[in-house]
Amino acid sequence: MSAQYDQLGEKLTNWDVLPVRSEYLEGHTFFKALGSVKGRTVLDLACGDGLYTRQLKARGASRVVGVDISEEMIRSARRHEEEQPLGIEYHVSDVADMAPLGTFDCVTAVYLLHYAQSPEHLLRMCRNIHAHLKPGGSFVTYAFNPGFSARGPNSTRYGITMLDFPESPRDGQAISAELHTKSPFTIHFSYWSQGTHERTLREAGFHTLTWMRPECSPEGVVRAGREFWQDYLDNPHAVALRCER
Ligand SMILES: C[S@@+](CC[C@H](N)C(=O)[O-])C[C@H]1O[C@@H](n2cnc3c(N)ncnc32)[C@H](O)[C@@H]1O
């Protein structure tokens with residue numbers, strides 16, 4: 001399922017412009033959940049082509065390492081690094097099987113946990129994330145919203161449509177979403193309930209789990225108006241989750 005990102009190539013290049021990926025919404029919520037990274041070490045998992053990895057460095061993190069299962073995504077991230085060196089190190093690996101890379105103040109992951117293919121895969125991911133954190137460190141993720149409702153507004157006007165989303169999704173159920181970029185494409189992932197996320201993260205050793213619904217920044221309200229964002233905020237496709245080690 002994860003090798004799908006190797007095939008997407010060009011199609012991914014313009015998905016960052018979708019409203020759903022906006023700095024006013026996704027970026028704002030993710031960085032609010034994360035807090036300051038100035039002088040801190042950060043491991044960015046499922047880093048893709050390094051969109052957030054580079055921002056973490058720009059926000060003053062002292063050491064940033066990116067990991068992604070897709071060779072294609074890491075090739076693209078390394079190309080950025082060659083063109084504008086920031087001192088970021090990138091590795092290709094499934095988070096569940098990641099060899100030790102040291103311990104970090106923070107581990108981040110924007111869109112990772114819903115790519116776990118089984119409860120066992122999810123647990124191995126969470127254990128490995130825990131193992132890469134210093135005591136007292138935090139894992140901050142932004143991922144598919146376990147509370148997304150088939151009855152609520154779909155996110156089509158924001159750039160993503162959940163396809164045939166079930167009324168009562170089961171753990172591990174296959175979910176597909178269409179991304180409305182210039183060349184639309186479909187992504188596939190698995191549904192994990194809030195309870196399964198929480199049980200698995202606690203079993204991996206995390207405590208104090210805090211969910212955060214997306215918020216729109218004041219700049220986003222000025223740009224597009226509160227009404228524009230409201231349907232999305234009523235039924236967001238993704239949420240932030242902060243977990244303390
Ligand atoms: C939606 S993209 C997000 C990329 C990046 N975080 C961003 O926000 O631009 C999801 C990424 O997760 C990666 N991925 C999926 N399963 C993974 C796994 N088991 N281990 C590491 N990366 C994984 C994919 O290759 C893809 O690059």
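The values are calculated or read from the model by the stated rules, or taken from the named source; none is laboratory data. Just so you know, these numbers come straight off a predicted model, no measurement behind them. Here Cβ is always computed from backbone atoms with ideal geometry, including for glycine, and neighbour counts include all displayed protein chains. Please note that ligands, DNA and RNA were not included when accessible areas were found on the heavy atoms of the full protein model with its side chains. Shrake-Rupley method; radii C 1.70, N 1.55, O 1.52, S 1.80 Å.
Here are the numbers:
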{"item": "Inter-probe distance in nm under a simple model that places probes 7 Å from Cα toward Cβ, at Asp234 and Arg151", "result": "1.3"}
{"item": "Highest-MSF residue in the chain out of Glu23, Glu83, Glu215 [GNM, Cα springs under 10 Å]", "result": "Glu83"}
{"item": "Lys134 accessible area, 1.4 Å probe, all protein chains in place, Å² to nearest 10", "result": "70"}
{"item": "Segment Leu101-Lys182, extension gain: residue separation times 0.36 nm, minus the distance between their alpha carbons", "result": "25.4 nm"}
{"item": "Under-5 Å amide H pairs with Gly66, H placed in peptide plane, nonlocal only", "result": "Asp44, Glu89, Tyr90, His91"}
{"item": "Choice from Val140, Val65, Val37 with maximal GNM fluctuation in the chain (Cα, 10 Å cutoff)", "result": "Val37"}
{"item": "Region 170-245 shape via C-alpha gyration tensor axes, a/c threshold 1.5", "result": "oblate"}
{"item": "Mean Kyte hydropathy of -0.5 or more with a Cα span along the axis of at least 15 Å, helices from DSSP in the chain", "result": "119-131"}
{"item": "FRET efficiency, 1/(1 + (r/R0)^6) with R0 25 Å, evaluated for Gln4 and Arg75 via beta carbons", "result": "0.95"}
{"item": "Charge context of Glu71, other residues only, Cβ under 11 angstrom, K/R +1, D/E -1", "result": "-1"}
{"item": "Whole-number accessible area per residue in Å² for region 66-149, which is evaluated in the context of all protein chains at 1.4 Å", "result": "40"}
{"item": "Of all accessible heavy-atom area on region 107-209, the percent that carbon and sulfur account for (1.4 Å)", "result": "49"}
{"item": "Percentage relative contact order, region 36-168, counting C-alpha pairs under 8 Å, at least six apart", "result": "22"}
{"item": "Cα-based Lys proximity count in the chain, under 29 Å, for pairs eight or more positions apart or on separate chains", "result": "8"}
{"item": "Charged-residue dipole, Cβ positions (Lys, Arg, Asp, Glu), region 6-145 about Cα centre, Debye nearest 20", "result": "640"}
{"item": "Rg in Å to one decimal, and Dmax rounded to a whole Å, for the chain via C-alpha atoms", "result": "16.9, 47"}
{"item": "Expected 222 nm ellipticity per residue - DSSP helices of 4 or more, -39500 (n - 2.57), all of the chain, to 500", "result": "-8500 deg cm²/dmol"}
{"item": "Overall form of region 1-147 per C-alpha gyration tensor (a/c, 1.5; a/b vs b/c)", "result": "rounded"}
{"item": "Cα-centred dipole magnitude for the chain, charges only on beta-carbon of K, R (+1) and D, E (-1), debye, nearest 20", "result": "680"}
